[in-house]
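Written out below as structure tokens is the structure these notes cover.
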Amino acid sequence: MIEKINVKQIDQGSIVTPKGFQVAGLHSGVKRKRNDLGVLYCEKPANVAAVYTLNKIQAAPIHVTKESIEQENKIQAVIINSGNANACTGEQGRKDAYTMRNVTAEKFQVPEHYIAVASTGIIGLEMPMDKIVPHIGKLEVGVSDTHAAQFGESILTTDTFSKATCFEAEIDGKKVSMAGAAKGSGMIEPNMGTMLGFITTDVNIESDVLQTALKEVVDQTFNCITVDGDTSTNDMVIVLASDLAGNEPLTPNHQDWSAFIELLTKTCEDLAKQIARDGEGATKLIEVEVKGAASNEDAQKVAKSIVGSSLVKTAVFGTDANWGRIIAAIGYSGADVNPETIDMAIGPMTLLKNSQPTGFSEEEATNYLQNETIEINVHLNMDEGIGKAWGCDLTYDYVRINASYRS
């Protein structure tokens with residue numbers, strides 16, 4: 001009998017839907033108009049897990065957050081600013097991140113090591129602490145839709161919309177919730193990009209168990225998106241678990257462990273797809289699914305190679321079903337492939353069967369490529385490995401946005 005996992009999306013949910021969480025966001029003046037300072041607060045010290053950019057140059061907030069988590073594996077608040085990354089700012093940048101942590105701890109009357117810090121924006125500029133510090137004290141947290149919207153805006157940079165999601169499931173007969181807010185639009189590459197992800201849940205789970213689960217799920221979601229091949233210095237996904245749902249502690253041996261993994265996977269995947277869809281200047285989301293690979297790892301390599309190809313991305317933008325660019329990306333992916341056994345389809349149209357062209361309709365293909373979501377399916381016909389990746393088209397606006405990012 002196949003186990004039925006009941007995980008459903010909550011359309012009206014937000015990052016404060018899970019029990020125990022409150023947020024706030026406001027405009028401090030770091031950016032010209034939009035909110036640029038936010039905080040995520042839990043009514044009690046929450047168990048925590050986090051993953052970070054693999055860029056060897058990591059911004060000061062990441063170092064401070066790691067230090068906070070290492071002390072007790074508990075976090076009660078995350079202070080976030082946008083508009084300035086506080087990256088490559090030397091010792092002063094480290095001091096500024098500590099100042100943000102300390103002032104937030106004073107604001108909420110909690111120990112300093114219960115505070116995480118996150119920043120995103122322009123690299124290499126000294127932090128405008130004269131704007132940030134006075135406004136931390138003005139952050140008044142709450143659970144309303146307005147609070148959630150203000151928080152969601154406060155973490156954005158070149159994003160064109162806020163990314164948010166919420167799911168619920170049943171564990172131990174208790175309704176548990178998980179929600180998230182994220183930012184990301186450019187410098188997005190597998191192994192994390194210029195993205196910040198904040199996930200809340202009210203499940204009872206220890207930090208070490210949560211950490212293992214998060215790492216595995218991130219590899220299948222956030223690490224499978226790309227916009228432009230660049231990896232930033234500030235990327236972070238952090239999960240806070242308030243332990244207020246009333247379930248028994250979750251472990252891989254728990255009868256509802258699969259439901260929790262599905263809950264975490266759906267939350268991360270939905271946020272990841274929203275980030276890919278909002279790539280700088282993007283007009284289309286590209287979803288690539290690869291089956292029949294020698295291993296899941298090889299399938300992911302192929303999927304990432306296709307969705308990351310600048311030539312594939314520009315062909316999708318131009319509504320050109322140039323499958324030669326896709327086959328080339330498969331070939332240089334580093335995966336084990338048989339050049340004679342590849343099947344390929346774009347949407348409902350089969351383009352290749354056993355590596356031979358099928359004579360598809362160019363007009364039908366052009367019409368399909370005008371959709372906002374483009375699906376590319378590849379079957380390598382080697383074994384049972386499967387993998388997915390998400391990205392976006394590459395447009396004229398991407399160059400325009402990044403040519404004037406600091407202006």
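The values are calculated or read from the model by the stated rules, or taken from the named source; none is laboratory data. Please read all numbers here as calculations on a predicted model, not as lab measurements. So basically every Cβ, Gly included, is an ideal-geometry build from the backbone, and we count neighbours across all protein chains shown. Note: areas computed on protein heavy atoms with side chains; ligands, DNA, RNA excluded. Shrake-Rupley method; radii C 1.70, N 1.55, O 1.52, S 1.80 Å.
Read phi for every residue in the range 164-177 and hand back ³J(HN,Hα) as whole Hz from Karplus 6.51 cos²θ - 1.76 cosθ + 1.60, θ = phi - 60°, with x for Gly and Pro.
Working through the residues one at a time gives 8, 7, 7, 9, 9, 8, 10, 10, 6, x, 9, 6, 10, 10 Hz.
Taking a ≥ b ≥ c as the square roots of the eigenvalues of the Cα gyration tensor of the range 87-157, is the shape rounded (a/c under 1.5), prolate (a/b larger than b/c) or oblate?
Working: a/c = 2.17, a/b = 1.31, b/c = 1.66.
Cα axes put the range 87-157 in the oblate bin.
Using only DSSP helix segments of four residues or longer, with each worth -39500 (n - 2.57), what per-residue ellipticity at 222 nm results for the chain after dividing by its residue count and rounding to 500? Don't skip to the answer; put the middle values down first.
Details: 11 runs with 130 residues, N = 407.
Only helices count here, giving -10000 deg cm²/dmol.
Got a sec to turn the phi values of the range 56-65 into Karplus ³J(HN,Hα) couplings, 6.51 cos²θ - 1.76 cosθ + 1.60 with θ = phi - 60°, whole Hz, x for Gly and Pro?
5, 9, 10, 5, 4, x, 5, 4, 5, 5
In debye, nearest 20, what is the charge dipole magnitude of the chain about its Cα centre with +1 on Lys and Arg Cβ and -1 on Asp and Glu Cβ, if you could check?
Numbers: 35 positive and 54 negative charges, 249 e Å.
The dipole of the chain has a size of about 1200 debye.
Give me Rg over Rh for the range 50-101, both radii from the alpha carbons and Rh done the Kirkwood way, two decimal places.
Working: Rg = 11.0 Å, Rh = 11.7 Å.
Rounded to two decimals, Rg/Rh equals 0.94.
What whole-number distance in Å separates the alpha-carbon centres of the range 272-319 and the range 374-392?
Here the two parts' Cα centres lie 9 Å apart.
I'd like the Karplus ³J(HN,Hα) series for the range 143-155: coefficients 6.51, -1.76, 1.60, θ = phi - 60°, whole numbers in Hz, and an x wherever there's a Gly or Pro.
10, 6, 4, 5, 4, 5, 5, 5, 5, x, 6, 5, 9
Can you tell me the dipole magnitude for the range 1-95 around its Cα centre, using point charges on the Cβ only (Lys, Arg +1; Asp, Glu -1), in Debye to the nearest 20?
That gives a dipole near 320 debye.
Rounded to the nearest 0.05, what FRET efficiency do ASN6 and GLU248 give with R0 = 22 Å and r taken as the Cβ-Cβ distance? Could you check? Kindly include the intermediate steps, with their values, before the conclusion.
On the way: r = 18 Å, r/R0 = 0.82.
Using R0 = 22 Å, I get an efficiency of 0.75.
So how much slack lies between LYS175 and TRP257, counting 0.36 nm per residue of separation and subtracting their Cα-Cα distance, in nm?
Numbers: separation 82, 0.36 × 82 = 29.52 nm, distance 1.41 nm.
So the chain would gain 28.1 nm between LYS175 and TRP257.
Computed FRET efficiency, Cβ-Cβ of ILE57 and THR146, R0 45 Å: what is it to the nearest 0.05? Could you put the intermediate results ahead of the total?
Numbers: r = 37 Å, r/R0 = 0.82.
Efficiency, from the Cβ-Cβ distance: 0.75.
If I histogram all Cα-Cα distances within the range 270-313 using bins 5 Å wide from 0, what percent of pairs lands in each bin?
Final binned percentages: 5, 22, 24, 24, 15, 8, 2, 0.
Have a look at LEU352, ASN296, VAL30 and report the one farthest towards the positive end of the charge dipole of the chain, computed about the Cα centre with Cβ charges (Lys/Arg +1, Asp/Glu -1).
VAL30
Computed on alpha carbon atoms, what radius of gyration and Dmax characterise the chain, expressed in Å?
Final numbers for Rg and Dmax: 21.6, 68 Å.
On the accessible surface of the chain, probed at 1.4 Å, how many percent belong to carbon and sulfur atoms? Present the calculation step by step, with values, prior to reporting the outcome.
Details: 7900 of 16850 Å².
So the carbon and sulfur contribution to the accessible surface is 47 percent.
For GLU112, put the label point 7 Å out on the Cα→Cβ axis and report which residues of the range 40-79 keep their amide N under 18 Å from it.
Only 60-79 pass the distance filter.
Using a simple spin-label model with points 7 Å from Cα along the Cα→Cβ vector, what separation in nm is obtained for ASN371 and ALA294?
Distance between the two pseudo-spin positions: 3.2 nm.
Taking square-rooted eigenvalues a ≥ b ≥ c of the alpha carbon gyration tensor, is the range 19-162 rounded, prolate or oblate, where a/c under 1.5 means rounded and, failing that, a/b exceeding b/c means prolate? Provide the component values of the computation, followed by the final result.
Numbers: a/c = 1.44, a/b = 1.04, b/c = 1.38.
Rounded shape, in that the Cα axes give a/c under 1.5.
Please compute the contact order of the range 1-106 in relative form: average sequence separation of alpha-carbon pairs under 8 Å and at least six residues apart, divided by the residue count, as a percent.
24
Per 10 Å bin, what percent of the C-alpha pairs of the range 5-53 does each bin hold, from zero upward?
Over the range 5-53, the share of Cα pairs per 10 Å bin runs 19, 32, 39, 9, 1 percent.
Out of the DSSP beta bridges found with both residues in the chain, what percent are antiparallel (nearest 5)?
Working: 55 of 79 bridges.
Of all bridge pairs located within the chain, approximately 70 percent are antiparallel.
By its C-alpha gyration tensor, with a ≥ b ≥ c as the square roots of the eigenvalues, how is the range 254-353 shaped: rounded for a/c under 1.5, else prolate for a/b larger than b/c, else oblate? Please report the intermediate quantities before stating the final value.
Numbers: a/c = 2.29, a/b = 1.32, b/c = 1.73.
Oblate, since a/c reaches 1.5 and b/c is not below a/b.
At a threshold of 8 angstrom on Cα-Cα distance, excluding pairs fewer than six apart, so keeping six or more, what relative contact order does the range 247-334 reach in percent?
Values: 47 pairs, mean separation 16.9, N = 88.
That works out to 19 percent.
For the range 43-141, what does the accessible surface come to per residue with a 1.4 Å probe? Please give it in Å².
Working: 4080 Å² over 99 residues.
Accessible area per residue, the range 43-141: 41 Å².
So for the chain, averaging the separation of alpha carbon pairs under 8 Å that are six or more residues apart and normalising by length, what relative contact order in percent results? If you can, show how the numbers build up before the last one.
Values: 1059 pairs, mean separation 71.8, N = 407.
This gives 18 percent for the chain.
Report, largest value first, the span of the C-alpha coordinates of the range 314-404 along each principal axis, in whole Å.
46, 31, 18
Tell me which residues come under 5 Å, amide H to amide H, from LYS74 once H is placed; ignore anything under 5 positions away on its chain.
none
Among ASN86, ALA59, ALA389, which residue has its Cα positioned farthest towards the positive end of the charge dipole of the chain, with +1 placed on the Cβ of Lys and Arg, -1 on the Cβ of Asp and Glu, and the dipole taken about the Cα centre?
ASN86
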